[in-house]
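The values are calculated or read from the model by the stated rules, or taken from the named source; none is laboratory data. Given the structure is predicted, the values throughout are model-derived calculations rather than measurements. Cβ placement follows ideal geometry from the backbone for every residue including glycine, while neighbour counts extend to all protein chains displayed. These accessible areas exclude ligands, DNA and RNA; they are computed on the full protein's heavy atoms, side chains included. Shrake-Rupley method; radii C 1.70, N 1.55, O 1.52, S 1.80 Å.
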Amino acid sequence: MLIETPDGHQIDAQLWDLIKGNWTTVPQLDWDSFDANTVATFRREAEDARKDKRRAGPNIARIQDMLADGYKRQTPVRLYDPAPENNAAPCVIYFHGGGWFGGDIESRDDGTRLLAHLSGAKVISVDYARAPEAKFPVPLYDCIAVTKWVVQSADTLGVNPAKLFVAGDSAGANLALSTAISLRDDGYHDVAGMLLFYGVYAHDHNTDSHRTFGADERFTLSSAAMDFCWQMYLPNPADNQNPLAAPLLAPLHDLPPAHIMCGSLDPLLDDTKQLQDALTAQNNPDCALTIYPGVTHRFLSMISQLDCTTKAWEDAASFIRTRL
């Protein structure tokens, strides 16, 4: 059910119960004053919050932490295996969000569990190198290297390399799309699909959705927060125009089928719409766009709190199943 916010937007009633305090006391975060030291504080606070939060995802038959051959390092990954007896299962490689500097495997544990449970696919969640310690392109190179490692280790992992999906949310969707572009350019054609959840695809805040929903933190993500994320990620401003940092600027031909989604109250909504338009214009016919009404950025993390969140994960799982 949708209800109306004080400023006239239609919002999911369950979500309103969770964030309505933002309209009573609008969060005022001075993102211009933040720096790399702020990142450590954000990470510590997020880790503390998770200690008291029971993960909401379902039980999975086998969960295994391991190290993958990443970019110039051993990269931590977590395998969610709903059917260990299947030695040639489809596999989703998942890149978490968090503005390239936050988030980790634990922060997406409930969603990746649920995706594995609903789809029947193995899910490999990646703790790629994070900014600002690792600036662009290092996080992306880490994601690409881990994806190639999955292909090379398919027999050991029990996955079918011809049934490989790349996925991610927010900054992770950016990395997933850029990984697919890089694999295409490297001659890898085995990626079966992309799942791109409310991604950021260009450093452009002059869009209707940023102007409408990004002025402050009421809708859980502000344009100023995204500016800070880009500042942490990119080594210099010129990289705003690098097509692997801002994949909306890249040639988007010959890419795998895409499941693209966003909430209707997300500053990144126009990124999602523009990506779908660009994929279609560049002859990628199988790119499904879903806009979930009345929800904001980060709504996928609200498992057990929003009916819409479960529906969104079910839709993602259906995309996987129908392309196998």
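Things to note:
- Accessible surface calculations at 1.4 Å, restricted to protein heavy atoms, place the chain at 41 Å² per residue.
- Directionally averaged shadow of region 1-48, computed from the convex hull of its alpha-carbon atoms, nm²: 4.8
- Per-q log10 I(q)/I(0), region 75-152, q = 0.18, 0.19, 0.24 Å⁻¹ (Debye; single scatterer per alpha-carbon; no solvent): -0.71, -0.78, -1.11
- Interchain or long-range residues, amide H under 5 Å from LEU195's placed H: VAL166, ALA167, GLY168, HIS259
- The string of couplings for region 138-144 from the Karplus curve (6.51, -1.76, 1.60, θ = phi - 60°) is 4, x, 5, 4, 5, 5, 5 Hz, one whole number per residue in order, with x for Gly and Pro.
- The overall shape of region 11-125 is oblate: from the C-alpha gyration tensor, with semi-axes ordered a ≥ b ≥ c, the ratio a/c is 1.5 or greater and a/b is no larger than b/c.
- Given LYS20/LYS135; LYS20/LYS122; LYS273/LYS311; LYS122/LYS311; LYS20/LYS311; LYS20/LYS163, the pairs whose alpha carbons are separated by over 30 Å: LYS20/LYS135; LYS20/LYS122; LYS20/LYS163
- Cα long-axis angle, helix 269-281 against the chain (0 to 90 degrees, to the nearest 10): 40
- Sequence-distant residues sharing a close amide H with GLY263 (under 5 Å, placed H): TYR292
- By average C-beta atoms within 10 angstrom, highest first, the peptides 159-172, 295-308: 159-172, 295-308
- 3J(HN,Hα) couplings calculated from phi for region 165-178 with the Karplus curve 6.51 cos²θ - 1.76 cosθ + 1.60 (θ = phi - 60°) are, in sequence order, 10, 10, 8, x, 10, 6, 4, x, 5, 4, 5, 5, 5, 5 Hz; Gly and Pro show x.
- Residue by residue, region 285-295 carries 3J(HN,Hα) couplings of x, 9, 9, 8, 10, 10, 10, 8, x, x, 10 Hz when phi is fed to the Karplus relation 6.51 cos²θ - 1.76 cosθ + 1.60 (θ = phi - 60°); x denotes Gly or Pro.
- A Gaussian network model of the chain, with springs between Cα atoms under 10 Å, assigns the largest mean-square fluctuation among HIS259, HIS96, HIS203 to HIS203.
- Taking the 1.4 Å solvent-accessible surface of the chain as the whole, the part contributed by carbon and sulfur is 49%.
- Between the C-alpha center of region 160-180 and that of region 82-140 there is a gap of 9 Å.
- Among (i) 32, 22, 19; (ii) 28, 22, 20; (iii) 42, 24, 22, the entry derived from the coordinates for semi-axes √(5λ) of the Cα gyration tensor in Å: (ii)
- Rounded to the nearest 500, the 222 nm mean residue ellipticity of the chain from helices alone is -11000 deg cm²/dmol, with -39,500 (n - 2.57) taken per DSSP H run of at least 4 residues.
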